Amino acid sequence: MKDVKQAMEQARYVGVDIGGTRLKLGVVSARGEVSDLRNVSTPQTREEIFDTIGSFVSECAAAGPVEGVGLSMPGIIDGSGYTVTAGAVKALRNRPVQDELTELVCLPVRVSNDGRAAALAEGWVGAAQDVSDYIVFTLGTAIAAGIVLDGKLRDGLGGLAGEFGVALADIVRNDYEAHSFAFRAATVAGLCRDYSYAVHERVLDAREIYRRAAAGDNEAARAIEDFYQAVAVLCVNSAVTVAPEAIVIGGGISANDQAFLGMHRAWERVIDNYPVLGCVRMPELRRAGCRNNAGMIGAVYRLICDKA
């Protein structure tokens with residue numbers, strides 16, 4: 001029995017996280033530890049994406065047994081791993097990705113929405129280990145989110161639960177997408193879009209906006225503050241809808257101390273200035289523990305749970 005337990009603890013999985021701009025791959029242990037991390041530009045075609053994954057799996061398998069592949073990606077994904085939508089990864093839209101990848105690598109594969117994968121990762125080895133009701137937001141090209149209630153991940157009707165990026169930020173009667181949280185500054189892409197429009201210059205790196213703000217660029221400072229406010233409003237709306245114990249903020253920008261502090265201050269400011277929120281218990285706003293590896297870790301965790 002001890003040998004079996006030891007073998008399970010030493011099991012190796014391949015984790016894959018496909019984003020709109022970057023594709024991350026790594027070896028994930030049964031303890032949620034990541035090694036052999038690779039980070040490349042997301043290929044444009046399905047064939048190139050699958051070739052990248054297949055080559056990495058083969059390389060890992062040559063170094064030792066691989067138990068399966070956990071894949072995280074944007075979009076609405078049904079229980080069979082069929083991608084109804086795929087966010088910015090248009091090459092994988094409307095495809096049986098889980099079945100196709102299983103055939104390619106000849107291993108068990110689990111395809112998960114990136115927000116839900118991040119939520120599982122934070123509950124397993126991250127910032128939400130001590131709570132049973134929580135929401136995870138990862139802010140990047142879009143908003144990925146996962147809802148966990150009573151310790152159980154919620155997929156919802158057709159896998160729609162947690163698609164907060166589709167939620168409307170304004171009362172409008174047309175052009176809905178332009179008024180969604182994913183398009184507005186509640187995403188890093190939204191921050192870059194907002195600033196670019198304001199200065200009539202294409203700025204695609206949020207770090208450049210922060211550098212300009214530090215150098216005295218008032219428009220950059222304004223765009224950043226609007227971004228913080230949009231994130232705070234998103235969190236308040238989710239808090240009064242789901243009433244979790246904690247809201248966890250992830251994505252690459254959460255690693256920036258200044259950014260997380262700004263989001264937290266905006267969150268507290270909304271609560272302080274909205275009398276009804278000051279009368280009730282509000283969730284704790286936390287920074288993600290798994291950071292940019294959350295998608296890979298959570299997708300593998302879901303695969304492990306499927307096999308258990």
Subject >> Flag for Ala198 being in contact (Cβ under 8 Å) with a residue 40 or more places away in the chain and in a helix (DSSP H, G or I) >> reply: no
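Given the criteria over 13 Å from Val188 (Cβ atoms) and touching a strand residue (DSSP E or B) at 6+ places or on another chain (Cβ under 6 Å), does Ala246 qualify? First the steps, then the outcome.
Details: over 13 Å from Val188 (Cβ atoms): yes; touching a strand residue (DSSP E or B) at 6+ places or on another chain (Cβ under 6 Å): yes.
So Ala246 passes the test.
Can Pro43 be described as within 15 Å of Asp114 (Cα to Cα) and not hydrophobic (A, V, I, L, M, F, W, C)?
Values: within 15 Å of Asp114 (Cα to Cα): no; not hydrophobic (A, V, I, L, M, F, W, C): yes.
It is false that Pro43 is within 15 Å of Asp114 (Cα to Cα) and not hydrophobic (A, V, I, L, M, F, W, C).
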Subject >> Sole residue being of a type in the set (A, V, I, L, M, F, W, C) and farther than 21 Å from Asn292 by Cα, chosen from Val97, Val89 >> reply: Val97
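Identify all residues within region 209-238 that are touching a residue at least 60 places away in the same chain (Cβ under 8 Å) and within 24 Å of Ala121 (Cα to Cα); write none if there are none.
Residues satisfying the conditions are Val231, Leu234, Cys235, Asn237, Ser238.
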Original post:
Say we look at region 107-127 and pick out the residues that are at pLDDT 95 or above and outside any helix (DSSP H, G or I); which of these is surrounded by the most Cβ atoms within 10 Å (Cβ to Cβ)?
Top reply: Val111
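Quick one: is Leu234 open to solvent by less than 70 Å² (accessible area, probe 1.4 Å), touching a strand residue (DSSP E or B) at 6+ places or on another chain (Cβ under 8 Å), aliphatic (A, V, I, L, M) and closer than 18 Å to Ser132 by Cα? First the steps, then the outcome.
On the way: open to solvent by less than 70 Å² (accessible area, probe 1.4 Å): yes; touching a strand residue (DSSP E or B) at 6+ places or on another chain (Cβ under 8 Å): yes; aliphatic (A, V, I, L, M): yes; closer than 18 Å to Ser132 by Cα: no.
For Leu234, the condition - open to solvent by less than 70 Å² (accessible area, probe 1.4 Å), touching a strand residue (DSSP E or B) at 6+ places or on another chain (Cβ under 8 Å), aliphatic (A, V, I, L, M) and closer than 18 Å to Ser132 by Cα - is not met.
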Original post:
Of (1) open to solvent by 50 Å² or more (accessible area, probe 1.4 Å); (2) over 16 Å from Gly140 (Cα atoms), Ala246 satisfies all except one. Which?
Top reply: (1)
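Could you say which residue among Ala178, Ala169, Ala215 is surrounded by 13 or more Cβ atoms within 10 Å (Cβ to Cβ) and not charged (D, E, K, R)?
Numbers: Ala178 fails: surrounded by 13 or more Cβ atoms within 10 Å (Cβ to Cβ); Ala215 fails: surrounded by 13 or more Cβ atoms within 10 Å (Cβ to Cβ).
After applying the criteria, what remains is Ala169.
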**OP:** Could you give me the residue pairs with C-beta distances under 9 Å whose first residue belongs to region 280-308 and is at positive phi and open to solvent by 10 Å² or more (accessible area, probe 1.4 Å), whose second residue is in a loop (DSSP other than H, G, I, E, B) and modelled with pLDDT of 95 or more wherever it lies, and which are 6+ apart or on separate chains?
**Re:** Arg291/Gly126
Original post:
Quick one: in region 249-279, which of the residues that are touching a Lys or Arg at 6+ places or on another chain (Cβ under 7 Å), hydrophobic (A, V, I, L, M, F, W, C) and surrounded by 18 or more Cβ atoms within 10 Å (Cβ to Cβ) is farthest from Ser72 (Cα to Cα)?
Top reply: Phe260
**OP:** Can you confirm whether region 128-141 contains a residue that is in contact with an Asp or Glu (Cβ under 7 Å, 6 or more places away or on another chain), of a type outside the set (A, V, I, L, M), farther than 29 Å from Tyr176 by Cα and at pLDDT 95 or above?
**Re:** yes
**OP:** Check Thr85 against each of (1) touching a residue at least 12 places away in the same chain (Cβ under 8 Å); (2) under 17 Å from the mean Cα position of the chain (by Cα) and name the one condition it does not meet.
**Re:** (1)
Original post:
Any idea which of Leu149, Leu157 is without any contact (Cβ under 8 Å) to a residue 40 or more places away in the chain, more than 15 Å from the chain's Cα centre (by Cα) and surrounded by fewer than 22 Cβ atoms within 10 Å (Cβ to Cβ)?
Top reply: Leu157
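The values are calculated or read from the model by the stated rules, or taken from the named source; none is laboratory data. As the structure is a computational prediction, the values presented were derived from the model and not from experiment. We place every Cβ from the backbone using ideal geometry, glycine too, and count neighbours over all the protein chains shown. With ligands, DNA and RNA removed, areas are computed over all heavy atoms of the protein, side chains included. Shrake-Rupley method; radii C 1.70, N 1.55, O 1.52, S 1.80 Å.
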